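The values are calculated or read from the model by the stated rules, or taken from the named source; none is laboratory data. Everything numeric in this text was worked out from a predicted model, so none of it was measured. Cβ sites come from the backbone with ideal geometry, for glycine too, and all protein chains shown count toward neighbours.
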């Protein structure tokens, strides 16, 4: 059962963030003729660090979904419990933050305003998805435990103290 869950989790990582942060920026860079690695320097190292940080954030969140809540990042296979561990103790949407860090890092690495514009659209889409779909669904599913979590942890910013509440 855990092997099947792990395979599903990896599949959805490749499918969802893989498309948003990998395939689409690649196609934008290819179409704009900007798909060439820059020389190693402070800017390219900074961009690479930002991208790597985003990937690590994403992987940590996927692990938390898998390990604590027996689910994946896909809406058709969500966690069974409210995830309030790891990075979710500081911000409600660290996975989206990680994906955005990768896309912004790609824009920086390749000096691409087209990818940066795409990142702005991705941010808008994430925000609308969170506000119009995810938050109402989580409130309906987890009731008071989610409301307590939502009052304590910012949607996009970062809390200065980790959330200590326990979901019911």
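Computed quantities for the displayed model
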{"item": "Search result, residues across the range 148-165 that are more than 18 Å from the chain's Cα centre (by Cα) and farther than 16 Å from residue 81 by Cβ", "result": "151, 152, 160, 161, 162, 164"}
{"item": "Helices (runs of 4 or more DSSP H) lying entirely in the range 1-108 (those with 2 or more residues that are at pLDDT 90 or above and more than 30 Å from residue 144 (Cβ to Cβ))", "result": "24-32, 42-69"}
{"item": "Qualifying residue in the range 84-105 (condition: within 23 Å of residue 22 (Cα to Cα), without any contact (Cβ under 8 Å) to a residue 40 or more places away in the chain and over 12 Å from the mean Cα position of the chain (by Cα))", "result": "no"}
{"item": "Residue selected from the range 136-168 under the condition touching a helix residue (DSSP H, G or I) at 6+ places or on another chain (Cβ under 7 Å) and without any contact (Cβ under 8 Å) to a residue 24 or more places away in the chain, by the criterion farthest from residue 79 (Cα to Cα)", "result": "147"}
